[in-house]
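Report on the structure given below.
The values are calculated or read from the model by the stated rules, or taken from the named source; none is laboratory data. Only a predicted model underlies this, so the values are computations on that prediction, with no experimental measurement involved. Here Cβ is always computed from backbone atoms with ideal geometry, including for glycine, and neighbour counts include all displayed protein chains. Accessible surface is based on the protein model in full, side chains and every heavy atom, while ligands, DNA and RNA are left aside. Shrake-Rupley method; radii C 1.70, N 1.55, O 1.52, S 1.80 Å.
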Amino acid sequence: MTLKHVGKSYTRNDGVEKTTGSAKYVADMKFPGMLHAKVLRSPYAHAIIKSIDTTEALKLPGVFVVLTGKDVPGPFGVAVADQYPLAKYKVRYAGEPVAAVVAVNERVAKEALKHIKVEYEPLPFVIHPKDAVADGAPILHEDLMNYNVAPYVYPQGKNIYQHFKVRKGDIEEGFEKADLVVEGETWYPYIHHVQLEPHCAVAQYNLDGTMTMYSTTQAPFVVQNCINMLHDIPLSKIQVIVPYIGGGFGGKSDVTIEPLVSCLAKAVPGRFVRLLLTREEMFIGTNLGRGAYCKYKIGLSKEGKILAMQGESYLGSGGNVDYAVNIVTGMGLAGTGPYEVPNLKLDVYGVYTNTPPIGALRGYGHPEVHFPVERLLEKAARKLGMDPVEFRLKNLLAEGKVNGIGQVVKHDTGNVVLCAEKVAKELYKSPKPNKGDNILVGRGMAAYMKTPCMPTNVQSSVFLKLNADGSVTLATGAIEMGQGTYTVLAQMTAEALDIPYEKVNVTNTVDTLISPYEWQTVASHTTWGTGNAIILAAENLKAKLKESAAKVFNTDAENIKIEGDKVVYNDKVLTWGDLALGYKNPDGSALTEPIMGEGHFVAKGVQNPDPETGQGNAAADWTQGCIGIELGIDKTTGEVHLYRLINYIDAGTIVNPQMARDQVLGAITMVISSALTETLVFSEDTGKIRNNNLVDYKIVGIEDMPEEILIDFVQTPEESGPYGAKGIGEHGTVGTAPAILNAIYDATGIDFYELPVTAEKIMMALEGGE
Amino acid sequence: MIPNVEYLKPKNLQEALELMEREGSVALAGGTDVIVNMRDERLLPKALIDIKGLEELKGIKEVPEGVWIGALELVQDAVENPLTKQYTAFIEGAGSIGCLEIRYRATIGGNICNGSPSADSLPGLLLYDAKAVIASKEGERTVSLESFLLGPGKVDLKKGELLKAVILPKAKEGSASKYYRRTRVKGMDLSSVSVAVYAENLGIEGKSDIRIALGAVMPTVARARKGEAVLYGQKLTDELLDEAIDALMEDVNPRKGSLRATPEYKKKMVRVLIKKAISEIKGGVSCEA
């Protein structure tokens, strides 16, 4: 099949709007009589709320309402019902909302916060998941075992709300046969997404019992569901509207501020209420990411075959964990990395900690577990005296091998072996450069794989509206948050309908009242899921064109041909436009109906993993790749200079090479940052985040980027994907940290197992001879 | 959102100085620190006196004592001005403040008066014994810039006073200087530690004058005079340099609990960066950075 539009680097269809500043975001929305909210947040990481007095705040002119825990419904949660829109009885992280004020403007609301008196009884708190499972650790949810949980959640008590198991082969026998066993513990710290756009929601509870909410969410239909659960409003009367959003990275998926804003709106019926977070609040009052402690042990034969792997991982998940449950799953599904492991035992625990809730963050459990796997395999290769490339190639999940959850790798699963070979060839093509006496040069690589962790029956629907001029409007529930999805969807629409790309326009606002259903824009699954829906919708639209034309030409639909924008029957020709709104007879009477294509895609054959073994067809697809890094360490300062980055990824067919490359690089950049500099620092005294700002939460800049970047593709078409495409947005995050750390190890001989590896840590290790 | 504040914009210096007499007045220049501090409620002025329009505080010109830099001079303009070209450590330091957009907004006077122990414009100015010209209704007074810096966030400005200018004494023929800093990322960041070194007749016995200024390791940016004294007039050897650094370390006492670097790392970097700067000035090959 030759493709006309898929595979071309079209310019983004949202480019002009965004570069000229005319694109609208939620914070741009202003409504008559709009009120403003501010949130009082807990200064303690763990405390009992003894009393709250809002009397003085309510007296302040301009204050409409002050809500506290007693005024809001709950508990709610899709996986674990463990949270309230405002804290009740106790707080479980510093930053947790305790009260909220709605006032005539932000200034008054902020002033009113100072007049709310809260009496706390501070409790011991715990930040690190390892500490949270230790004997005597403070318990966050005393009543956990009685909570309502989804069927796939298995609370263990104390602070453990989930235990995900993977079992394969005979682990004891595997280790018995091993000639070499390597062990290690890794810590991927708590980090933040640092989206450019702060979280914002504006909601109105209408006097007729309906709710309208504008929000910066990646998941309007999840928000709609949540409002339905909290307030018992029918789904058909909940309108969640999402324009463009300014970066999500998972931190705007599921729900964040929306439950609270819905309660505030309900408290002032008829009025719009807006909550716009400050940068500081984004760090303490929305979801964080990572926070994974892993303890791995790998057994190998002297020939360099992996014989056994045992992993115990703990995901620090915050004071309420709803959406961390599926990250635990991700850490299990991908817990081997892209390697064949015949004997496997993985235990992943989800653990409550006194931090803001941990949610999705680009990578979703995969970078967390690739970190120990790739670090330890590097160590094993060196101990065996084997070339790390050759060693990897021996163990990678080539076609025909079986992955950790029992799926047999098929041709279309992707070619991680080829990715690794290409990276290795490029990375080692010449001897290490000489960068002077003070610079230690090192090279490292890591292979990776990622699956979207989705509901088994994940759904995507689209409509293709045919306009009277023959142009087509794609209506989707998918969110454009900078990733370029509307461009890719337009390309696939043009391909499926065989019309020019310019003739396709994509609705740039999602509205749960009218947009077709889309699970949420996460898991790098939009190209795959929504793309599949587009193909179905295009077929549906073309069938309707043929049916209409058949009526006009008084023949059967099968006799009609579609040629470009023409509908042809023998020598008779109509344009799509002639049929778009229905064909009229010469006497003016209508003959056919307006035309809209519908496409409804649901993933089929994806199963829940077996609760005892984790085995099953639980991963819809895998995107795989390999990354190589060449860097230099300044031994006088510990500073890291990135020289070369090489990445080959097999994400099936690439729809838009330029944007795909940018997505991969963007993902890698986020992890260059978390590998070398990012970490949230919690006060030892109070458990508060000390660096909840961009002065002291450092993310890398353009100056920190590698001098040379090569990102390329291996394109093995994915059978389940539209035109062979599958996800690519997150995957760059998965192998980057261990690749950098493997390169640092190559340069210095120092094994780092905790992130971030700052210049200071390198310096101290170099001097300390660690 | 910044707290409510009275905003006043005087037309000339005289008017400004009168407004500065009022209790709780704070001068607003580029606003890159003042507005940020107000937003965080670390600074709660009664009135903001917007001095941006004061021509008397602008310009860079040659004066008999050296180069006069108006307090309101934009950082980037000061960095690019031909008259500051020979003050390498100053332009390298000031040129590392924030990012280009910030440097086109922030002023030299603002960077000084914010009193940050890590201010990047200051080490280079102190090397050259820069002076601060302070204006009040009573007239002007001139003090050494180093003595103008009193502590973290504190400078020697009394009620009713404004920093009018700094004067950089003439740079001596054959002198050279260099500024190095360490930051957590190469992108925009505050200095974790900074070092400026000036040298004249470097290592020539009887004539050698090596000056060192340090940032982010003491309550203010300051000269490392104990180290300078060891080096003064001496032939420069590795041993002597280490001795000088050991001597200046007596005054280096970075605070604990910084989110930017530990005291141990800062101290190590003081040594490394001083050596690097001297090696650079000597024309030796230094490491890549």
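Checking residue A:189 against (1) outside any strand (DSSP E or B); (2) in contact (Cβ under 8 Å) with a residue 60 or more places away in the chain, which test does it fail?
(1)
Which residue is nearest to residue A:631 (Cα to Cα), if the candidates are limited to segment A:709-727 and must be of a type outside the set (Ser, Thr, Tyr) and open to solvent by 20 Å² or more (accessible area, probe 1.4 Å)?
Once the filter is applied, the top-ranked residue is A:709.
Among residues belonging to segment A:757-770 that are under 28 Å from residue A:710 (Cβ atoms) and not in a loop (DSSP other than H, G, I, E, B), point out the one that is nearest to the other protein chains (Cβ to nearest Cβ).
Going through the qualifying residues, I end up with A:759.
How many residues, within segment A:648-683, are among the charged types (D, E, K, R) and open to solvent by 40 Å² or more (accessible area, probe 1.4 Å)?
Number of matching residues: 2.
Which fully enclosed helices (runs of 4 or more DSSP H) of segment B:176-289 have 2 or more residues being more than 10 Å from every other protein chain (Cβ to nearest Cβ) and touching a residue at least 60 places away in the same chain (Cβ under 8 Å)?
Fully inside segment B:176-289 and qualifying: B:263-282.
Before we move on, is residue A:742 more than 9 Å from every other protein chain (Cβ to nearest Cβ), crowded, with 24+ Cβ neighbours inside 10 Å and among the polar types (S, T, N, Q)?
Judged against the criteria, residue A:742 is a match.
Take residue A:666 and decide whether it is more than 14 Å from chain B (Cβ to nearest Cβ) and under 18 Å from the mean Cα position of the chain (by Cα).
yes
Check A:131, A:53 and return the single one that is open to solvent by 30 Å² or more (accessible area, probe 1.4 Å), under 30 Å from residue A:684 (Cα atoms) and within 32 Å of the chain's Cα centre (by Cα).
When all the criteria are applied, what remains is A:131.
Test each condition in (1) open to solvent by 20 Å² or more (accessible area, probe 1.4 Å); (2) part of a helix (DSSP H, G or I) for residue B:126 and report the one that comes out false.
(1)
So, in segment B:144-175, how many residues would count as being of a type outside the set (Lys, Arg) and either part of a loop (DSSP other than H, G, I, E, B) or within 14 Å of another protein chain (Cβ to nearest Cβ) (or both)?
10
Just a yes or no: is a residue in segment A:404-415 open to solvent by 30 Å² or more (accessible area, probe 1.4 Å), assigned to a helix (DSSP H, G or I) and among the basic types (Lys, Arg)?
Scanning segment A:404-415, I find no residue that is open to solvent by 30 Å² or more (accessible area, probe 1.4 Å), assigned to a helix (DSSP H, G or I) and among the basic types (Lys, Arg), so the answer is no.
Could you tell me which residue of segment A:416-435 is nearest to residue A:747 (Cα to Cα), considering only residues that are of a type outside the set (Gly, Ala, Ser) and open to solvent by less than 10 Å² (accessible area, probe 1.4 Å)?
Within segment A:416-435, the match that is nearest to residue A:747 (Cα to Cα) is A:427.
Go through (1) within 14 Å of chain B (Cβ to nearest Cβ); (2) buried (at least 24 other Cβ atoms within 10 Å of the Cβ) for residue A:623 and report which single condition fails.
In the conditions (1) within 14 Å of chain B (Cβ to nearest Cβ); (2) buried (at least 24 other Cβ atoms within 10 Å of the Cβ), residue A:623 misses (1) alone.
For the subset of segment A:684-703 comprising residues that are open to solvent by 70 Å² or more (accessible area, probe 1.4 Å) and in contact with a Phe, Trp or Tyr (Cβ under 8 Å, 6 or more places away or on another chain), which member is nearest to the other protein chains (Cβ to nearest Cβ)?
Ranking the candidates gives A:690 first.
Yes/no matrix, rows are residues, columns are (1) surrounded by fewer than 17 Cβ atoms within 10 Å (Cβ to Cβ); (2) at pLDDT below 95; (3) aliphatic (A, V, I, L, M):
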{"site": "A:476", "(1), (2), (3)": "no, no, no"}
{"site": "A:480", "(1), (2), (3)": "no, no, no"}
{"site": "A:494", "(1), (2), (3)": "no, no, yes"}
{"site": "A:503", "(1), (2), (3)": "no, no, no"}
{"site": "A:507", "(1), (2), (3)": "no, no, no"}
{"site": "A:514", "(1), (2), (3)": "yes, no, yes"}
{"site": "A:528", "(1), (2), (3)": "no, no, no"}
{"site": "A:560", "(1), (2), (3)": "no, no, yes"}
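Do we have residue A:168 as touching a residue at least 60 places away in the same chain (Cβ under 8 Å), of a type outside the set (Ser, Thr, Tyr) and not assigned by TED's automatic domain parsing to the domain that holds residue A:341 here?
Criteria met by residue A:168.
Checking the structure you have, find out if any residue of segment A:236-246 is in contact with a His (Cβ under 8 Å, 6 or more places away or on another chain) and open to solvent by less than 20 Å² (accessible area, probe 1.4 Å).
Scanning segment A:236-246 turns up no residue that is in contact with a His (Cβ under 8 Å, 6 or more places away or on another chain) and open to solvent by less than 20 Å² (accessible area, probe 1.4 Å).
From the list A:730, A:754, which residue is within 27 Å of residue A:249 (Cα to Cα), open to solvent by 40 Å² or more (accessible area, probe 1.4 Å) and more than 14 Å from chain B (Cβ to nearest Cβ)?
Within the list A:730, A:754, the selection yields A:754.
For the structure I just gave you, tell me whether residue A:606 is surrounded by 24 or more Cβ atoms within 10 Å (Cβ to Cβ) and either in contact with a Leu (Cβ under 6 Å, 6 or more places away or on another chain) or assigned to a loop (DSSP other than H, G, I, E, B) (or both).
Answer is no for this residue.
Which condition from (1) assigned to a loop (DSSP other than H, G, I, E, B); (2) within 12 Å of chain B (Cβ to nearest Cβ) is the one that residue A:720 breaks?
(2)
Report those strands (runs of 3 or more DSSP E) wholly inside segment B:1-110 carrying at least 2 residues which are under 28 Å from residue B:211 (Cα atoms), in contact with a Lys or Arg (Cβ under 7 Å, 6 or more places away or on another chain) and open to solvent by less than 60 Å² (accessible area, probe 1.4 Å).
Because the criterion is at least 2 residues that are under 28 Å from residue B:211 (Cα atoms), in contact with a Lys or Arg (Cβ under 7 Å, 6 or more places away or on another chain) and open to solvent by less than 60 Å² (accessible area, probe 1.4 Å), the strands (runs of 3 or more DSSP E) in segment B:1-110 that meet it are B:66-70.
State whether one or more residues within segment B:59-70 are in contact with a Cys (Cβ under 7 Å, 6 or more places away or on another chain) and at pLDDT 95 or above.
No, segment B:59-70 contains no residue that is in contact with a Cys (Cβ under 7 Å, 6 or more places away or on another chain) and at pLDDT 95 or above.
Pull up segment A:434-476, narrow it to residues that are part of a loop (DSSP other than H, G, I, E, B) and among the hydrophobic types (A, V, I, L, M, F, W, C), then point me to the one that is nearest to the other protein chains (Cβ to nearest Cβ).
By that ranking, first place goes to A:453.
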